[in-house]
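Colleague: Have a look at this one.
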Amino acid sequence: MVVDYKKLGLVNTREMFKRAINGGYAIPAFNFNNLEQLQAIIKASSELKSPVILQVSKGARKYANQTLLRYLAEGAVEYAKEIGCHHPEIVLHLDHGDSFETCKSCVDYGFSSVMIDGSALPYEENIAVTKKVVEYAHQFDVTVEGELGVLAGVEDDVVAEESHYTKPEEVVDFATRTGVDSLAISIGTSHGAYKFTPEQCTRDPKTGRLVPPPLAFDVLEAIEKKLPGFPIVLHGSSSVPQEYVDIINAHGGKLPNAVGIPEEQLRKATKSAVCKINIDSDSRLAFTAGVRQTFDEHPEYFDPRQYCGKAREYMEELYKHKITDVLGSDNKLANLD
Ligand code: G3H
Ligand code: 13P
Ligand code: ZN
C-alpha cells in the first residue's frame, strides 16, 4: 500500500520550482534529523510564508527512524497551520537516494519527492536507475531529482577526491532519457564545513579569513542554454557562517579553516534556473554553537531543553536569514492568506 502524500498535506516540487525559476528565487531544502531542527525549519518558513523542502538523508533515516520522520513531517503541516500559515507548501524529500529500492520505499511511505543519486555510476547506469525511479515515482505524482557530475568531498559513502563539473553536453540526453523533474549539478559546491583547502583559497587582507574560489557560473550558463527553464539544484551550498564557527571555537570547539560558499554567489545563482538550494552543514553549525555556548556559560544546566532550546533559537535565526537574504523565497506561497 502506497501512502498518498497529498492526504498528509504535503506537495511535490513541480509547481514551486516553476514559480521559483520565473520569479528569480530558490526554494530552501533543509535537512532534518531531529525535532528541534524541524521545529526551527517550520517556524522560519511558516512565519516568512516560504515554500520549504524537508530533506531526509539515508543517515537521517537510520538515526531517527523513517516512520517517525514521516509522521514528524505530517505533524509539521499541522504545526505550520497552527502558527498561522494557513496554506503551507511543504515537500518531504529523500536526499541522496542510493538505489531504486530506497527511493521506492520512500515513495511508498508518503514522501512527495525523491532524489536518486546515480552520479558516481557510469553514465549509462545512472540513466538506467534514474529512469526506473522516475517511472515508479511518477505513477504517484512524486517528483524526482537526478544528479550529473560529482561534487568534491563526501557524498554519503562516496568520496570524490576532486569535483567533476557537470558536462553541459550530457544534460539534454540525461533529462530526456530519464524524464527527471530536476537536475543536481556540480559547479564547484561541495558537502560539509570544509569545502576548500586553504591552498585553494586566498586570504582577505583585512580579516585574514579564507576567501574561496568562485563557482563555475560559465558551466551553469552553458547548462541553462542547453535546457532552458529546466529546474536546476545546487547541493553542498552551506556558507559556513563565521559567526557560528567563532562561537564554537570560543567555547571549546576546534573547527580551524572551515569555509563554505559565499552567500552572494548563492544569491546570484538564484537568479538563474537554480531553484533548489541544499543546506545542512550550516544548521549543524548553528546547533553546535548554541549547545557549546550554553554548556560553557551554564555548567550547572542538565536539562536538554535548555541547551537544545538555544540551539533551536540559533537555527531559526539561520533559516530566516537564508530564506530572506539568500534564497529570496519569503512571501512566495501560492496562497498567502
Ligand atoms: O548531502 C549530505 C547531507 O548533508 C546529509 O548528510 O548523510 O550525514 O545525513 P548525512
Ligand atoms: P552542505 O553540507 O553544504 O550543507 O550541503 C547539504 C546537501 O547538499 C544535502 O544534500
Ligand atoms: Zn547533497
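The values are calculated or read from the model by the stated rules, or taken from the named source; none is laboratory data. Since the model is a prediction, treat every value here as computed from it, not as a measurement. All Cβ positions, glycine included, derive from the backbone under ideal geometry; neighbour counts span all protein chains shown. Please note that ligands, DNA and RNA were not included when accessible areas were found on the heavy atoms of the full protein model with its side chains. Shrake-Rupley method; radii C 1.70, N 1.55, O 1.52, S 1.80 Å.
Colleague: Taking amide hydrogens as modeled 1.01 Å from N in the peptide plane, which residues meet the under 5 Å criterion relative to Ile27, leaving out close sequence neighbours?
Modeller: Lys276, Ile277
Colleague: Principal axes first, then extents: for the Cα atoms of the stretch 20-70, list largest minus smallest coordinate on each axis, whole Å, largest first.
Modeller: 36, 21, 13
Colleague: Rounded, prolate or oblate: pick one for the chain, where a ≥ b ≥ c are the square roots of the eigenvalues of its C-alpha gyration tensor, a/c under 1.5 means rounded, and failing that, prolate if a/b is larger than b/c, else oblate.
Modeller: Oblate, since a/c reaches 1.5 and b/c is not below a/b.
Colleague: When N counts the residues of the stretch 217-337, how does its alpha-carbon radius of gyration compare numerically with 2.2 N^0.38 Å, as a ratio?
Modeller: Relative to the 2.2 N^0.38 Å estimate, the stretch 217-337 comes out at 1.29.
Colleague: Here's something else I'd like to know. Where in the chain lies the longest segment free of trypsin sites (Lys or Arg not before Pro) that are both loop residues by DSSP (not H, G, I, E, B) and have at most 16 other Cβ atoms within 10 Å?
Modeller: Looking at the chain, 1-205 is the longest stretch - no exposed trypsin sites (Lys or Arg not before Pro) with at most 16 other Cβ atoms within 10 Å.
Colleague: Now for a different question. Under a plain spin-label model, where a point goes 7 Å from the Cα along Cα-to-Cβ, how far apart in nm are Gln242 and Leu336?
Modeller: According to this spin-label approximation, the distance is 3.5 nm.
Colleague: Would you mind getting the accessible area per residue of the stretch 87-129, heavy atoms of the protein chains only, 1.4 Å probe, in Å²?
Modeller: Per-residue accessible area for the stretch 87-129 comes out at 30 Å².
Colleague: What length, rounded to one decimal in nm, is gained on full extension from His138 through to Glu317, with 0.36 nm per residue of separation minus their alpha-carbon distance?
Modeller: Value of the extension gain: 60.8 nm.
Colleague: Rounded to the nearest percent, how much of the accessible area of the stretch 24-147 (1.4 Å probe, protein heavy atoms only) is carbon and sulfur?
Modeller: After summing per-atom areas, the C and S share lands at 55 percent.
Colleague: When the Karplus curve 6.51 cos²θ - 1.76 cosθ + 1.60 is applied with θ = phi - 60°, which whole-Hz ³J(HN,Hα) does each residue of the stretch 117-131 get, with x for Gly and Pro?
Modeller: These are the phi-based 3J(HN,Hα) values: 9, x, 5, 8, 7, x, 3, 5, 6, 4, 4, 4, 6, 5, 4 Hz.
Colleague: If the chain between Ala128 and Lys62 were fully stretched, how many nm would it gain, using 0.36 nm times the residue separation less the Cα-Cα distance?
Modeller: 21.1 nm
Colleague: To continue, here is another question. Farthest toward the dipole's positive end in the chain, which of Val240, Pro28, Phe111, given Cβ charges of +1 (Lys, Arg) and -1 (Asp, Glu) about the Cα centre?
Modeller: Of the listed residues, the answer is Pro28.
Colleague: Normalised by the residues of the stretch 71-202, what does the relative contact order come to in percent, with Cα pairs under 8 Å and at least six apart?
Modeller: 19
Colleague: Please report, in debye to the nearest 20, how large the charge dipole of the stretch 275-336 is about its Cα centre when each Lys and Arg carries +1 at its beta carbon and each Asp and Glu carries -1 there.
Modeller: Charge dipole of the stretch 275-336: 320 debye, to the nearest 20.
Colleague: If you place +1 on the Cβ of every Lys and Arg, -1 on the Cβ of every Asp and Glu, and leave all else neutral, what size is the dipole of the chain about its Cα centre, to the nearest 20 Debye?
Modeller: 480
Colleague: Another question, then. What FRET efficiency comes out for Arg203 versus Arg267 if R0 is 30 angstrom and r is the Cβ-Cβ distance? Round to the nearest 0.05.
Modeller: 0.85
Colleague: I need to check one value: relative contact order of the chain, counting alpha carbon pairs closer than 8 Å and at least 6 residues apart, in percent.
Modeller: It comes to 22 percent, rounded to a whole number.
Colleague: Right, next: Is the stretch 186-255 best put as rounded, prolate or oblate by its Cα gyration tensor, with a ≥ b ≥ c the root eigenvalues, rounded for a/c under 1.5, and otherwise prolate when a/b is larger than b/c, oblate when not?
Modeller: The shape class here is prolate.
Colleague: A further question on this structure: Of all the stretches in the chain, which is the longest one without any exposed loop site, taking GluC sites (Glu not before Pro) in a DSSP loop (any state but H, G, I, E, B) with at most 16 other Cβ atoms within 10 Å?
Modeller: Result for the longest clean stretch: 1-160.
Colleague: Ok, one more. Fully extended, how many nm does the chain gain between Phe302 and Glu78 (0.36 nm per residue separation, minus their Cα-Cα distance)?
Modeller: Value of the extension gain: 77.6 nm.
Colleague: Where does the chain land at 222 nm, in deg cm²/dmol rounded to the nearest 500, when only DSSP H runs of n ≥ 4 count, each adding -39500 (n - 2.57), divided by all residues?
Modeller: -13500 deg cm²/dmol
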